[in-house]
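Here's the structure, in structure tokens; my notes come after.
The values are calculated or read from the model by the stated rules, or taken from the named source; none is laboratory data. These numbers were taken from a predicted model, which means no experiment stands behind them. Note that each Cβ is placed from the backbone with ideal geometry, even for glycine, and that neighbours are counted across all protein chains shown. Only protein heavy atoms, including side chains, enter the accessible area calculation; ligands, DNA and RNA are left aside. Shrake-Rupley method; radii C 1.70, N 1.55, O 1.52, S 1.80 Å.
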Amino acid sequence: MPFSNPEQTTTDLSTQIPLGWSMLGFSASASDGVNPYRVPQPVSEIWFSTPGPRYVSFTYQLYSPQQSVQASVALDGQPLGRYVFPAGQFVTVLPSGLVEAGQHVLHFEQGCASACPINQYYAGVKLIDAPPLRQSVGLGAVQWALDSAKSPFSSSGLSVVQFDGANLFRSLSDLQAATFTLPKGVQASDLRTFSVSDAGAYRLRWTSDGSQALSPRTERSTAFWPKSQLTEQSLPLIGRSTNGLSVQVECAAGGATCLPVRLYWTELTSLAPGPGLGQLSPLKLAGSVLLSLVLLAVFALLLRPERATR
């Protein structure tokens, strides 16, 4: 079973500023007769703190009646995205990122091609608990959440962890292969993820260490999966000395017509390394060899045939 959905708390900033939070560069709360809003300056910030690792998701909706609004968001100095809000349209995005315990700042920049009024609607921050890094799933088997905080599994070619309002995910937004690198000593037995694309039919090509093709445990492993259908991928890895896994998207209509593809609940199961001399430190290994030699000498003396007597 995948890790359970993370706990989350929502802080509504559209009408109030809770104790311990600061909003800089925003007007006081106003109303258009239906919904509350704030007017942001060209640069604005939200300051807050968390007691532990959290995924931060900000509800971001900018509106201007006659011009498109260009905007960017950063979290603790790390860019979360650049956005365009079309003129006269209500569009919501959810820039998200991971933070550790402590104080943090969301930094916003917004503006039009020429001077224009901008309203910020539904300002709110969700703080989502990071899933546990690992959990036991059987005798000697451990399941790792690759999207957890402080994960020892590195990746490239994937987006940062994002939030869709209910679940955490990463995006594949390029036709180039993305990779997962496993820590040294991890004996992988299975990788599982759930993928979906809302843009078009697609399929994923998996390889081990960049060359060995992997076949998922699925009835339609070679077929294209319909858009908007959540599809499970389960890769058997037992018996392979795997250091890294690569995944590449292929769109049924060609090109990048199916991108982005989202990956949910990416988990890797590993087995505990078996006992043996290879698991010992050099000092313990030398001690084991010396003890073995002593025991062999003792056994040789005990088993030596007695000298015959007249």
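Accessible-area rank, largest first, for Lys184, Lys227: Lys184, Lys227, with all protein chains present and a 1.4 angstrom probe. Other residues whose C-beta falls under 11 angstrom from the C-beta of His107 contribute a net charge of -3, scoring Lys and Arg +1 and Asp and Glu -1. Bridgeable aspartates and glutamates around Lys227 (alpha carbons under 12 Å apart, same-chain partners fewer than 8 residues away excluded): Asp198. Cross-link partners for Lys184 among the aspartates and glutamates, with Cα-Cα distance under 14 Å and sequence neighbours closer than 8 places in the same chain left out: Asp209. Distances between placed amide hydrogens fall under 5 Å for Gly200 paired with Ser228, all partners being 5 or more residues away or on another chain.
Note on Ala101 and Arg82: the model spin-label points, each 7 Å out from Cα along the C-beta direction, lie 3.7 nm apart.
Rounded to the nearest whole Hz, the Karplus-based 3J(HN,Hα) values (6.51 cos²θ - 1.76 cosθ + 1.60, θ = phi - 60°) of the stretch 89-105 follow the sequence 10, 9, 10, 10, 10, 10, x, 9, x, 9, 10, 8, 5, x, 8, 9, 9, with x at glycine and proline. For the modelled label position 7 Å from the Cα of Thr92 along Cα-to-Cβ, which residues of the stretch 147-179 have backbone nitrogen atoms closer than 13 Å? Under 13 Å, as judged by backbone N against the label point of Thr92, lie 164-166 of the stretch 147-179. If one computes the Cα centroid of the stretch 244-271 and of the stretch 172-204, what distance in Å separates the two points? About 4 Å separates the Cα centre of the stretch 244-271 from the one of the stretch 172-204. Summing +1 for each Lys or Arg and -1 for each Asp or Glu among the other residues whose beta-carbon sits under 12 angstrom from that of Pro152 gives +3. Residue-wise HN-Hα couplings along the stretch 167-177, as the Karplus relation 6.51 cos²θ - 1.76 cosθ + 1.60 with θ = phi - 60° gives them from phi, are 9, 7, 7, 10, 10, 9, 10, 9, 7, 6, 5 Hz; Gly and Pro carry x.
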